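**Q** Right, I'll just put the structure down here and ask away after.
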Amino acid sequence: MNSTLHIIPIEQWLPVSTLPMVIAGPCSAETEEQIMETALGVAMIPQVKIFRAGVWKPRTRPGAFEGVGTKGLKWLQKAREQTGLLVTVEVANPKHVHEALDHGIDILWIGARTVVNPFAVQEIGEAIGGRDIPVMVKNPLNPDLKTWMGAIERLNRMGLKKLIAVHRGFSFFNRSPYRNAPMWEIPIELKRLHPNLPIVVDPSHICGNKDLIPGTMQKALDLEMNGLMVETHFNPAKALTDKNQQVTPAQLGEFLSTLILRRESDNEFSHKLEELRSEIDKLDEELIDILAQRMRVVEEIGTYKKVNKITILQLKRWSQLTNDRIEAGIKMGLSREFILKLLESVHEEGIQRQIDVMNRNES
Ligand code: PEP
Ligand code: MN
């Protein structure tokens with residue numbers, strides 16, 4: 001089920017002349033000097049419109065730096081006065097909301113560890129109490145679009161219309177170069193379901209290290225995402241949190257200058273694009289047809305196994321099949337990772353079909 005969101009377009013409350021719209025600032029507020037130097041640095045970059053800093057930091061284990069608390073809000077106020085940038089902080093409970101509002105913070109954001117909890121989101125929404133403040137909602141740690149969307153819908157129903165989704169990647173057990181797997185299909189699906197909801201990409205938390213950031217920024221633009229949130233620190237080596245992924249204001253400026261702003265599918269290109277899209281439609285149809293055929297054969301095998309009392313999972317066969325298919329896929333220019341993911345998904349569905357066959361007519 002998909003409920004409509006009532007969103008005020010970002011352009012109506014945040015004038016952006018130089019694309020992409022960028023939110024920059026340190027992971028955490030540490031000192032007044034760090035906030036001011038960083039804010040003055042990022043304010044020179046025309047794309048930067050919003051200054052971020054966490055003053056209450058959610059840490060995985062106790063004992064680490066947990067933020068400077070309320071005094072950091074005063075530094076943000078000062079940064080706001082001196083740069084003209086809007087300022088944003090993370091809020092995780094009603095007390096944070098009240099303090100942020102008391103200090104004139106312009107935008108709130110809900111972090112990945114809070115958004116999973118509907119009680120917390122409800123309480124934050126209630127503390128905001130109908131004030132017309134923009135809220136950014138990060139995706140939860142786990143790859144769960146429904147929870148992410150649910151939090152946004154909840155706030156929207158409470159009257160908040162200046163909402164932004166922030167894509168910060170997902171925890172994933174597979175080893176990958178990213179700190180949090182981007183799983184672009186999830187924000188793309190969010191865009192498909194809610195085309196009017198702006199999505200900002202946070203390459204810092206996706207990448208976990210600054211070398212991967214430019215590629216991820218470009219990818220975000222190519223996927224027509226609406227902005228970027230990049231952790232920026234005047235001296236990343238000394239940062240108290242997330243130091244590997246923070247960049248200096250100068251580096252941020254450089255990264256932004258190398259981005260290619262591709263044209264949206266305007267008329268000149270739409271014809272060719274349409275052609276290619278219809279080719280994709282046709283191929284997808286064939287793909288679905290072939291998958292359905294494969295499942296029918298799998299069910300036949302299931303029936304055979306049932307009659308002959310053979311177990312469903314034949315591990316040796318499965319591992320040989322996987323190796324063969326990966327080899328074939330690689331020859332066709334597909335990546336090992338992709339084939340494996342595809343096969344696992346097909347296999348899972350096949351096993352379920354066979355379990356259904358086994359259980360049929362047995363009750
Ligand atoms: C942050 O933006 O500094 C942060 C804590 O992010 P997340 O909630 O995405 O982990
Ligand atoms: Mn961080």
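**Q** Computed FRET efficiency, Cβ-Cβ of Thr31 and Phe172, R0 41 Å: what is it to the nearest 0.05?
**A** My answer for the efficiency is 0.75.
**Q** Let me ask you something else. At a 10 angstrom cut-off on C-beta neighbours, averaged per residue, how do the peptides 18-28, 345-355, 310-320 rank from highest to lowest?
**A** 18-28, 345-355, 310-320
**Q** Hey, another quick one. Give the lysines whose C-alpha is closer than 18 Å to that of Lys282, dropping any in the same chain fewer than 8 places away, or say none.
**A** Of all the lysines, those that pass the test against Lys282 - Cα under 18 Å, at least 8 places apart if same chain - are Lys272.
**Q** Nearest 0.05, what FRET efficiency do Leu40 and Asp281 give at R0 = 45 Å with Cβ-Cβ as r?
**A** With a Förster radius of 45 Å, E is 0.30.
**Q** Still on this model: Rounded to the nearest 20 debye, what is the charge dipole size of region 1-110 about its Cα centre when +1 sits on each Lys and Arg Cβ and -1 on each Asp and Glu Cβ?
**A** 220
**Q** Please report the relative contact order for the chain, taking Cα pairs under 8 Å with a sequence separation of at least 6, and give it as a percent rounded to a whole number.
**A** Relative contact order of the chain: 14 percent.
**Q** Here's a follow-up. With 23 Å as the limit, write out which pairs from Lys78/Lys161; Lys305/Lys341; Lys219/Lys341; Lys49/Lys74; Lys49/Lys138 have Cα-Cα distances beyond it, or answer none.
**A** Lys78/Lys161; Lys305/Lys341
**Q** A further question on this structure: In deg cm²/dmol and to the nearest 500, what is the mean residue ellipticity at 222 nm of the chain if only DSSP H runs of at least 4 residues count, each as -39500 (n - 2.57), divided by the residue total?
**A** Estimated from H runs of four or more residues: -15500 deg cm²/dmol.
**Q** Let me check I've understood the local charge: for Ile23, count other residues with C-beta under 13 angstrom from its C-beta, Lys and Arg +1, Asp and Glu -1. What total comes out?
**A** 0
**Q** Which FRET efficiency value, to the nearest 0.05, do you get for Glu348 and Asn93 by plugging their Cβ-Cβ distance into 1/(1 + (r/R0)^6) with R0 = 41 Å?
**A** Calculated transfer efficiency: 0.60.
**Q** Related question: Just to confirm the number: angle between the C-alpha axis of helix 213-222 and the first principal axis of the chain, 0 to 90 degrees, nearest 10?
**A** Helix 213-222 sits at roughly 70 degrees to that axis.
**Q** Could I ask something else about it? Once both axes come from the Cα atoms, what is the angle between helix 315-331 and the longest principal axis of the chain, in degrees from 0 to 90, rounded to 10?
**A** 70
**Q** Here is a further query. Treating only the Cβ of Lys, Arg, Asp and Glu as charged (+1, +1, -1, -1), what charge dipole size does the chain show about its Cα centre? Round to the nearest 20 debye.
**A** For the chain, the charge dipole is close to 1000 debye.
**Q** If you restrict to DSSP beta bridges whose two residues both lie in region 10-261, what percentage is antiparallel, to the nearest 5?
**A** Around 5 percent antiparallel, to the nearest 5.
**Q** Take the chain, connect every pair of alpha-carbon atoms lying under 10 Å apart with a spring to form a Gaussian network, then pick out the residue of Leu193, Leu283, Leu342 with the largest mean-square fluctuation.
**A** Of the options given, Leu342 has the highest mean-square fluctuation.
Bear in mind that the values in this text are calculations on the coordinates, not laboratory data. Because the structure is predicted, anything quoted here is derived from the model rather than measured. Cβ sites come from the backbone with ideal geometry, for glycine too, and all protein chains shown count toward neighbours.
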